[in-house]
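Beneath this line is the structure, given in structure tokens, with notes to follow.
The values are calculated or read from the model by the stated rules, or taken from the named source; none is laboratory data. Given the structure is predicted, the values throughout are model-derived calculations rather than measurements. Virtual Cβ from ideal backbone geometry, glycine too; neighbours counted across all protein chains shown. With ligands, DNA and RNA removed, areas are computed over all heavy atoms of the protein, side chains included. Shrake-Rupley method; radii C 1.70, N 1.55, O 1.52, S 1.80 Å.
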Amino acid sequence: MSVHDPRRDIRSRRIAVIVCALAAAVMLVFAPIEELVWAPIAMTDGAYGLETIYGVFTPSALAMGLVSIAVAFLLGLAAITALVHLGWRGRLGSHWVHVATLGSMLVWLGLPAMFFAGFGIGHTVSDELPPYVGRSSAAGELLQAFALVAFVATVLGAIVSLVLLFRSAAVERRAWQAARRSG
């Protein structure tokens with residue numbers, strides 16, 4: 001007969017919190033760099049430097065693009081902080097799979113958030129500077145692959161979480177039936 005060790009359970013959830021927070025931080029750091037530096041250079045096929053690219057922006061268009069990326073960055077930072085705070089205290093689920101599923105979801109949602117935040121900058125580059133190639137940089141493609149892996153981990157984590165949920169419900173139902181029979 002095995003004895004349930006709550007410290008072991010919280011330890012595995014804390015490890016999941018740390019891993020997911022680090023993965024989300026990687027996305028949070030590199031996605032804005034992709035949107036502000038690497039993608040504009042890749043869009044122009046390296047024909048222009050950053051000075052030329054950002055020289056075509058009107059001050060208001062540049063300010064709007066930078067503010068939208070800053071807002072996405074701050075929202076991502078707040079989400080990572082909430083994940084760490086709640087996960088460290090053990091309030092994100094009863095199993096490490098629940099924590100990892102939420103963390104991986106946070107990772108892959110970071111890429112579309114930065115993509116939409118950098119939409120204004122991408123449109124200005126595509127409208128003003130030929131030759132517009134319309135692609136991501138190599139680092140951006142790595143971020144996309146990283147987000148795809150996180151998305152697959154989220155889907156698999158959700159399936160495992162459902163299995164764990166049904167399994168614990170069945171255990172509780174059997175315990176309730178046994179208690180009811182014993183009187």
Any residue at all in the stretch 166-183 that's assigned to a helix (DSSP H, G or I), touching a residue at least 24 places away in the same chain (Cβ under 8 Å) and open to solvent by less than 40 Å² (accessible area, probe 1.4 Å)?
no
Does residue 72 meet the test of being over 23 Å from residue 11 (Cβ atoms), without any contact (Cβ under 8 Å) to a residue 40 or more places away in the chain and among the aliphatic types (A, V, I, L, M)?
no
Regarding residue 135, is this residue open to solvent by 80 Å² or more (accessible area, probe 1.4 Å) and over 30 Å from residue 46 (Cβ atoms)?
no
Residue check: is residue 136 in contact (Cβ under 8 Å) with a residue 40 or more places away in the chain and part of a loop (DSSP other than H, G, I, E, B)?
yes
From the options 82, 158, 150, 78, residue that is closer than 21 Å to residue 23 by Cα, buried (at least 17 other Cβ atoms within 10 Å of the Cβ), within 16 Å of the chain's Cα centre (by Cα) and aliphatic (A, V, I, L, M)
150
The stretch 85-100, residues that are open to solvent by 80 Å² or more (accessible area, probe 1.4 Å) and part of a loop (DSSP other than H, G, I, E, B):
89, 91, 94
Within the stretch 29-67, restricting to residues that are in contact (Cβ under 8 Å) with a residue 24 or more places away in the chain and small (Gly, Ala, Ser), the one that is most open to solvent (accessible area, probe 1.4 Å) is 47
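For every residue, the table says whether it meets (1) closer than 17 Å to residue 127 by Cβ; (2) out of contact with any helix residue (DSSP H, G or I) (no Cβ under 6 Å at 6 or more places or on another chain).
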position: 18; (1), (2): no, yes
position: 21; (1), (2): no, no
position: 51; (1), (2): no, yes
position: 61; (1), (2): yes, no
position: 65; (1), (2): yes, no
position: 74; (1), (2): no, yes
